[in-house]
Every structure is written in structure tokens, then in C-alpha cells.
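Asker: Take this structure first; my questions come after.
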Amino acid sequence: DTGNGEQLYECPMCSLTCTNIQILEEHVDLHLEEHSFSEGGDIRDLELAQRLQTEEDEQQRSEEEKREREEFKKLQRQYGLDNSGGFKQQFLRNMEREVDRGRMQPFEYHKRKADMMESLASGIDDGKTKTSGVIEALCKYYQNENKDVRRVWLSAGVDHFHSSLGDRGWGCGYRNFQMLLSSLLQNSFYNDCLRDTTLIPSIPKIQSMIEDAWREGFDPHGASHFNNRLHGSKAWIGACEIYSLLTSLRIKCQIIDFHKPTGPMGTHPRLFEWILHYYSTDNEGGAKVVCTSKPPIYLQHQGHSRTVVGIEEKKNKSLCLLLFDPGCSSQEMQKLLKQNSDGTGLKLLRKFVGSLKEKQYQIVAVDGVLSLEEKAARCRASQVLTSEKIP
């Protein structure tokens, strides 16, 4: 009331006062409409933001799934699990390329194809990539070497096998198994274990032998990685598959896992010390050259494997491994059979501590024969754990 009888009406939403109730109602309605519009706008903005975020999340998820599929296919190709064929298909394709490029005559193609088919049918390696007698040549060389080698321990005799047109790029694990087996076959101690394997098997045969080990129950986790199938593929194998295969043959072996560097600059001196101990145990005599009866050692790291056939101790006490590499050709290996007095050819084999700097190494070392009961126990154990870690 203004005091002169005039009624005033105050807006409940702002400080405005009106003398007419209808004007006030219209004013308040404007407030309400404005608030409703603003609130609706906020809701629409929120809905839009949520929809945009959802669309962005879905796009990111789709791109991530696409990347994962591409990465999985890449890994399948890399590890030979892409169903692109195995040893036979790769051998034929590579020979066809050689003919197309004029590097191989058609008659040679047909001859090598026939030889390859015969090898696959028999399950026996054709021996075309084999070099024998290197250990014996090394023994003679070290007898006369008088520069910097204080002592050297060599494995029992072992043949070198290198990759062929059929397994180039993926066959190193199989070739190293052939090397190891070639040594065991020369040792009568393993005759009973190997009475069904008197000749070096071909790579497809080795794949079937590993599948047989899986069927016996060895390493089900590893088998599942390959969908329980190797034959007819270009699948890479590693230390666990070698362990399973050897143990299925009743050959006693162990996997040692050097899972991290133990020296400066990412080096693995503990690996070298372990191998020295392996070869020097029971071979401690005073001779400079010790030709042991110890089988060679399978050495694995990410992407490649090799075979350890000996170890040098230099006059300055440093250690140097001697390795057979499946990537080294027969022509290069045969140079070692005519070793020069200066030993330059040994560069192919020598690896010093500073040369092995992968993050992780595994070795498979053979040390005897298993009874049937021990084999069964190891089969059960392999379903849980197959390697010993060196701290």
C-alpha cells in the first residue's frame, strides 16, 4: 500500500513493483518462459555433449579394435600362424621366383622339387644344408693357437644346419634342434632314447614330433598358443617346444631363463658363467683344449635362436661363446674346415659378453636320460612350470 490507497505488487523473482496485478502476472510469465528456455537450452547442450562424447568413444573403440586386428594379423604373419602354408609351399614359391629371375634352370627346379617331395615323404632331412666336421677342425686349430686363448672347452661333435628355401625367415628353432640331435645321435648314451630317430628328421617331421609331445600332455599352455598345430605352418618355435620334444623322447634337459641383464650396459655375464660351468664341470684337467662329451646348448632370445658349441677363456680371463648360427650358410661354415692359422674365420662363431645384449635369454641344456617315471613326472610339471629363472 502506497499510503494513498494505491496497491503495489512486487515481483517474487526480481525487485520490480507494479500497480497492476495483470501487468505483474505478465511480467512473472516472462520470467518463467525465460527460465524454461534457459533450462531447456542447458538440457539440449548437455544432450549434444553426451552424444558427441558417445560418438567419439565409439570411434576410438572402433579404431582401437581395428589396430588390434591389424597387430594380431601382423603377429600371425610374423610367427607363421596366418595359414599361408608351410615348408613345402614356401620352398616351391621361392624356387619359382628363382626360375622367374633366371637364377635357376627349369630342370634344376624339377629335380629339387622331386628331392624335396622325397624328403617330406620319408620325414628325413635331405642334408643339403649340413656341414660336418667343424668341431674337429676347431679342436685342431686351438691346439696350435698361441695368441690370446688360455683355455677352450668344446662340445661333443655336432653338425651345422642352415636355413633353406623352405624355412628361411622362421626355421631357426628347428635347425638348432637338428644340430642338437646330430650330436646326441653320435653319443651311444642316448641310443635307447633315440632308437626310433636314427636319422635327422625334416622340419615338417619335427613339427609332427612336437605335436606328438603335446598330445602326450606336455606344455598345454604353449600348445594352445599354436592351436595345437604346427605341421603345415611357418610357426616359430622356441625353448619350451624344444624342451617338450626332448623330454617326450626321454632326454633329460632343463630350461634356464636369464630373464634380465646381470652386467653393465645390458649384458649377461651370468649366462656366460653358467655355460662355462656346464662345459668345465668334470672337465677340469690342465689341457688347453678340452673336447668334452657334453652336447651343445640351445640358446634362445626374442626373434632368433642359435647353438652354443663351446666357450673360450682368454688370457685376460674374459669369456667368449662359440655359436653355430642357422643363418650362416654352408659355404661360410666350410671355410672353418680349412681354418687359417690367424683364426679370422672364427669371427663367424665368436660372441663376447658385450655382443649379447638382448633383454632376455633362455637356454635348453641336455644332461642325461629319463626313466619312464621321470618322463611322466616332467610331463605333469610342464603343465605348470617349465623354466628356472636365474636371479
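Asker: I need the full set of residues from the range 114-136 which are loosely packed, with under 15 Cβ neighbours inside 10 Å, farther than 25 Å from Leu349 by Cα and of a type outside the set (S, T, N, Q), in order please.
Answerer: The answer is Ala114, Asp115, Met117, Glu118, Ala121.
Asker: Could you figure out which of (1) small (Gly, Ala, Ser); (2) out of contact with any His (no Cβ under 9 Å at 6 or more places or on another chain); (3) under 25 Å from Gln89 (Cα atoms) isn't true of Ala239?
Answerer: (3)
Asker: Anything in the range 138-183 that is more than 22 Å from Met209 (Cβ to Cβ), open to solvent by 10 Å² or more (accessible area, probe 1.4 Å), touching a strand residue (DSSP E or B) at 6+ places or on another chain (Cβ under 7 Å) and part of a helix (DSSP H, G or I)? List them, or say none.
Answerer: Cys139, Gln143
Asker: Also: Which members of the range 195-207 meet the condition of being part of a helix (DSSP H, G or I) and free of Cβ contacts under 8 Å to residues at least 60 places away in the same chain? Don't jump to the end; show me each part of the working.
Answerer: Going through the range 195-207, the residues part of a helix (DSSP H, G or I) turn out to be 203-207.
Listed by number, the list holds a single entry, Ile206.
Asker: Name, by its number, the condition in (1) free of Cβ contacts under 8 Å to residues at least 12 places away in the same chain; (2) open to solvent by 30 Å² or more (accessible area, probe 1.4 Å) that does not hold for Met104.
Answerer: (2)
Asker: Among residues belonging to the range 335-383 that are surrounded by 12 or more Cβ atoms within 10 Å (Cβ to Cβ) and among the polar types (S, T, N, Q), point out the one that is farthest from the chain's Cα centre (by Cα).
Answerer: Looking at the filtered set, the residue picked out is Gln339.
Asker: Let me ask something else. Of the residues that sit in the range 210-221 and are surrounded by fewer than 20 Cβ atoms within 10 Å (Cβ to Cβ) and touching a residue at least 40 places away in the same chain (Cβ under 8 Å), which one is nearest to Gly303 (Cα to Cα)? So that I can check it myself, show each step before the final result.
Answerer: The first filter runs over the range 210-221 and keeps only residues surrounded by fewer than 20 Cβ atoms within 10 Å (Cβ to Cβ), leaving 211-212, 215-217, 220-221.
Those left that are additionally touching a residue at least 40 places away in the same chain (Cβ under 8 Å): 216-217, 220-221.
Numbers: Glu216: 28, Gly217: 26, Pro220: 22, His221: 20 Å.
The qualifying residue nearest to Gly303 (Cα to Cα) is His221.
Asker: Right, something else. Can you pull out the residues in the range 255-287 that are part of a loop (DSSP other than H, G, I, E, B) and either open to solvent by 50 Å² or more (accessible area, probe 1.4 Å) or β-branched (Val, Ile, Thr) (or both)? Lay out the reasoning, then the answer.
Answerer: Initial filter on the range 255-287 (part of a loop (DSSP other than H, G, I, E, B)): 259-263, 267-268, 281-287.
Result: His259, Lys260, Pro261, Thr262, Thr267, Thr281, Asp282, Glu284, Gly286, Ala287.
Asker: Please go through the range 288-315 and pick out each residue that is open to solvent by 40 Å² or more (accessible area, probe 1.4 Å) and in a strand (DSSP E or B).
Answerer: Residues satisfying the conditions are Cys291, His304.
The rows are residues; the columns are (1) at pLDDT 95 or above; (2) more than 26 Å from Leu336 (Cβ to Cβ).
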position: Lys74; (1), (2): no, yes
position: Asn83; (1), (2): no, yes
position: Arg101; (1), (2): no, yes
position: Tyr109; (1), (2): no, yes
position: Met116; (1), (2): no, yes
position: Thr129; (1), (2): yes, no
position: Tyr141; (1), (2): no, no
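Asker: Going by what's in this entry, would Ala235 be described as farther than 20 Å from Glu373 by Cβ and either surrounded by fewer than 22 Cβ atoms within 10 Å (Cβ to Cβ) or modelled with pLDDT under 95 (or both)?
Answerer: The answer is yes for Ala235.
Asker: Here are some residues: Lys314, Lys351. Which one is closer than 23 Å to Leu138 by Cα, charged (D, E, K, R) and modelled with pLDDT of 95 or more?
Answerer: Within the list Lys314, Lys351, the selection yields Lys351.
Asker: Can you tell me which residues in the range 243-254 are within 18 Å of Phe226 (Cβ to Cβ), in contact with a Cys (Cβ under 8 Å, 6 or more places away or on another chain) and open to solvent by less than 10 Å² (accessible area, probe 1.4 Å)?
Answerer: Matches in the range 243-254: Leu246, Thr247.
Asker: Does Gln90 fit the bill of being over 28 Å from Phe226 (Cα atoms), at pLDDT 85 or above and surrounded by 10 or more Cβ atoms within 10 Å (Cβ to Cβ)?
Answerer: Judged against the criteria, Gln90 is not a match.
Asker: Counting only residues that are crowded, with 19+ Cβ neighbours inside 10 Å and acidic (Asp, Glu), how many does the range 316-334 have?
Answerer: Kept after step one, since they are crowded, with 19+ Cβ neighbours inside 10 Å, are these residues of the range 316-334: 320-326, 333.
Next cut, acidic (Asp, Glu) only: 325.
Total meeting the criteria: 1.
The values are calculated or read from the model by the stated rules, or taken from the named source; none is laboratory data. Only a predicted model underlies this, so the values are computations on that prediction, with no experimental measurement involved. Positions of Cβ are generated from backbone atoms using ideal geometry, with glycine treated the same way; all protein chains shown enter the neighbour counts. SASA here: full protein model, heavy atoms, side chains in, ligands and nucleic acids out. Shrake-Rupley method; radii C 1.70, N 1.55, O 1.52, S 1.80 Å.
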